[in-house]
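Values quoted throughout were computed directly from the atomic coordinates according to the rules given, and no laboratory measurement underlies them. These figures come from a predicted structure and were not determined experimentally. Here the Cβ positions follow ideal geometry from the backbone for every residue, glycine too, while neighbour counts run over all protein chains shown.
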Amino acid sequence: WSKADGRARWTLYDPDRGAHQMTRQLLATALRPALERGEFAVEFQPLVGLADGRVHGAEALVRWRHPRFGTLSPDRFIPLAEESGAIVPLGKWVLEESCRQARHWLDEFPSAAVFVSVNLAVRQVWDSDVVADVAEVLEATGLPPRLLQLELTESAVMGPAGRPLQALQALADMGVRIAIDDFGTGYSNLAYLSRLPVHVLKLDGTFVEGFRDPGGTRREADEKIVSAVVRLAHALGLTVTAEGIESAVQAERLRATGCDTAQGWYFARPGPPHRVVRMLREGPWPAGGPAVPV
Ligand code: C2E
Ligand code: MG
Ligand code: MG
Ligand code: MG
């Protein structure tokens, strides 16, 4: 036995790793039946205009109400769904639920014109007929295309070997808005921003973390980055949404950068669709934030 062999055997019999693998396997094979049994739910988190304090839209975030493990966050099962291909039916279901919900909001609050923002996985946009699916769901739910926003990461937009997603233009031509999710965390060539039909940059939450810092250098640096991204986006005719706003201080500093909309626990946690309705009914927050966090 060489040292390397010993290590290989140890890896094979590591009980923690075995249990982890088993759970992954269990969850992966349970995905499709769980979808059929109706174990998934979509929660919505408001996207708030920093200039007017109004709810402009809401992001759809999927949860798995697992009968044994409780509510599972998407980080636990979306990667598994991508690997197994279950993301295609699951993603289409999320899209349908989200568009149906946005149609209700439109019926109840026509002047608010609240949009719904739906995450698309890499595999959904590269290995499925996403354009036909989106067209079909819009038709079935009667949601105007301008009230649907699709969130794609840079790696989904650029795909393998840096090839841009062709479906993007077709989606944009339909009138659907395209947002780049987790913007600033990848290593993409920024040229795609002016060449592809992209409408919104969703700035990753890590950029506003430093905004909490009362006087530190981290705060100064993060403010410079956010301000520069906002200027770049506006120069290209794009809007900017910032994620992960957890405090009034962060919201206030973010507003000063000229960022358009914000999302985070300070405004509202992800919740059931009626929570968005309640926020629409209560009207805009006076200073761009709630008196009492929702
Ligand atoms: P994301 O699209 O970047 O979504 C934002 C995440 O930040 C959500 O996590 C949200 O709950 C969380 N968040 C919101 N406000 C705050 C805040 O103030 N502070 C902090 N620390 N976090 C905040 P969640 O719901 O666990 O979703 C995680 C990721 O899973 C999402 O990241 C998205 O990439 C993916 N995901 C969620 N739903 C779907 C879906 O239907 N399809 C696909 N393909 N991916 C999804
Ligand atoms: Mg997202
Ligand atoms: Mg995001
Ligand atoms: Mg994120």
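Details
- Relative contact order computed over region 220-287 (Cα-Cα under 8 Å; 6+ residues apart), in percent: 30 percent
- Remark: relative contact order (the chain) = 19 percent; criterion is Cα-Cα distance under 8 angstrom and separation of 6 or more residues.
- Helical runs (DSSP H, four residues minimum) scored at -39500 (n - 2.57) apiece and divided by the length of the chain put the mean residue ellipticity at 222 nm at -14500 deg cm²/dmol.
- At least 30 Å along the helix axis (C-alpha) and Kyte average at least 1.6, DSSP helices within the chain: none
- Point-to-point label distance, Met174-Arg76, nm (Cα→Cβ direction, 7 Å offset): 3.1 nm
- Leu196-Ser84 FRET efficiency (beta carbon distance; Förster radius 30 Å; 0.05 resolution): 0.55
- Share of pairwise Cα separations in region 188-294, more than 22 Å, in percent: 37 percent
- FRET efficiency estimate (nearest 0.05) - Cβ-Cβ, Arg146 to Ile225, R0 22 angstrom: 0.15
- Under 18 Å from a label point set 7 Å out along the Cα-to-Cβ vector of Glu139, the amide N atoms of region 117-133 belong to 129-133.
- FRET E, pair Leu232, Arg68, Förster distance 41 Å, beta-carbon r, rounded to 0.05: 0.30
- Tail beyond 24 Å, pair distance distribution of region 111-245 (Cα, percent): 34 percent
- Taking the centroid of alpha carbons for each part, region 13-88 and region 201-261 are 28 Å apart.
- Calculated on the Cα set of the chain, radius of gyration then Dmax: 20.6, 73 Å.
- Added length on full extension, which subtracts the Cα-Cα distance from 0.36 nm per residue, Ala19 to Val249: 78.5 nm
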